[in-house]
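Peer 1: Got a structure for you, questions after.
The values are calculated or read from the model by the stated rules, or taken from the named source; none is laboratory data. Since the model is a prediction, treat every value here as computed from it, not as a measurement. Cβ sites come from the backbone with ideal geometry, for glycine too, and all protein chains shown count toward neighbours. Heavy atoms of the whole protein, side chains included, go into the accessibility calculation; ligands, DNA and RNA do not. Shrake-Rupley method; radii C 1.70, N 1.55, O 1.52, S 1.80 Å.
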Amino acid sequence: MSNHYISPNAGHGTQSDGSPDCGCTYGKYTEAGLVLPITKWCVKYLRGSGVHCLTDADSNNDRNIIVCVRKANGYTKHRIELYFSIHLDFSKAPKGTLPLYKSKQGKKLAACINKAVMKDMSIRTRGLCKRTDLYELNATNMPACIFEAGSIKADLKTVKQAKRYGRAIAKGVCGYLGVKFTGKYKK
């Protein structure tokens, strides 16, 4: 096991008042429904490579972003060294990933994830995007990235490949951490 402690999270799922938050939708598909399996596989692959994960995916995405950020910032057993959440862009968005970051290290994290995803998923990117107006990027006290994994409509076929997509994201995170990606997974 490595000494790396991180916080990977699924986008949407629950609002601040506890009610369901499906995120964007397309037909019968919801953002929350598509990114949770990706996040679960990502966490399994990260744990298989020895990375400790504090994640809402273990609880089926029943925490809102405020709770996820608060838990990552306040984790007392070990320092959480990075935070990221996986999202999808709305149905009218063009094809491609859109990793969002605020800090220099957040940009490096976004670039590592994006590079691995583009290679392993054969998906295009719309480039890295600096944002200063998003809670998860502003409120975290560690490098953070919001990873828009693609358009819920234009990239649906790709994002439905949850195991493969989660593996690609985990590979990128391991690259950022300098941890050998084993390709193994565990719960």
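Peer 1: Would you mind stating whether ALA93 is farther than 20 Å from LYS71 by Cβ, in a helix (DSSP H, G or I), out of contact with any helix residue (DSSP H, G or I) (no Cβ under 6 Å at 6 or more places or on another chain) and touching a residue at least 12 places away in the same chain (Cβ under 8 Å)? Give the derivation first.
Peer 2: Values: farther than 20 Å from LYS71 by Cβ: yes; in a helix (DSSP H, G or I): no; out of contact with any helix residue (DSSP H, G or I) (no Cβ under 6 Å at 6 or more places or on another chain): yes; touching a residue at least 12 places away in the same chain (Cβ under 8 Å): yes.
Spelling it out, it is not the case that ALA93 is farther than 20 Å from LYS71 by Cβ, in a helix (DSSP H, G or I), out of contact with any helix residue (DSSP H, G or I) (no Cβ under 6 Å at 6 or more places or on another chain) and touching a residue at least 12 places away in the same chain (Cβ under 8 Å).
Peer 1: In addition: Going residue by residue through the range 3-15, is there one that turns out to be open to solvent by 50 Å² or more (accessible area, probe 1.4 Å) and more than 17 Å from the chain's Cα centre (by Cα)? Spell out the reasoning first.
Peer 2: Looking only at the range 3-15, we keep the residues that are open to solvent by 50 Å² or more (accessible area, probe 1.4 Å), and these are 3, 12, 15.
With the extra rule that they be more than 17 Å from the chain's Cα centre (by Cα), the set shrinks to 3, 15.
Yes: one or more hits.
Peer 1: Please identify the pairs in which a residue from the range 162-187 that is open to solvent by 30 Å² or more (accessible area, probe 1.4 Å) has its Cβ atom under 8 Å from the Cβ atom of a residue that is among the β-branched types (Val, Ile, Thr), counting only partners at least 6 apart or on another chain.
Peer 2: TYR176/ILE113
Peer 1: Filter the range 145-161 down to the residues that are open to solvent by less than 20 Å² (accessible area, probe 1.4 Å) and part of a loop (DSSP other than H, G, I, E, B), then identify the one that is farthest from ARG126 (Cα to Cα).
Peer 2: Looking only at the range 145-161, we keep the residues that are open to solvent by less than 20 Å² (accessible area, probe 1.4 Å), and these are 145-147, 149-152, 155, 159.
Among the residues that remain, those that are also part of a loop (DSSP other than H, G, I, E, B) are: 152, 155.
On the way: ILE152: 14, ASP155: 13 Å.
The residue in question is ILE152.
Peer 1: Could you pull out the residue among LEU137, LEU98 that is under 14 Å from GLY11 (Cβ atoms) and outside any strand (DSSP E or B)? Before the answer, list the steps.
Peer 2: Working: LEU98 fails: outside any strand (DSSP E or B).
Criteria check complete, one pass: LEU137.
Peer 1: Looking for something within 21 Å of VAL117 (Cα to Cα), part of a loop (DSSP other than H, G, I, E, B) and open to solvent by 10 Å² or more (accessible area, probe 1.4 Å) - is there at least one such residue anywhere in the range 27-49?
Peer 2: Scanning the range 27-49 turns up at least one residue that is within 21 Å of VAL117 (Cα to Cα), part of a loop (DSSP other than H, G, I, E, B) and open to solvent by 10 Å² or more (accessible area, probe 1.4 Å).
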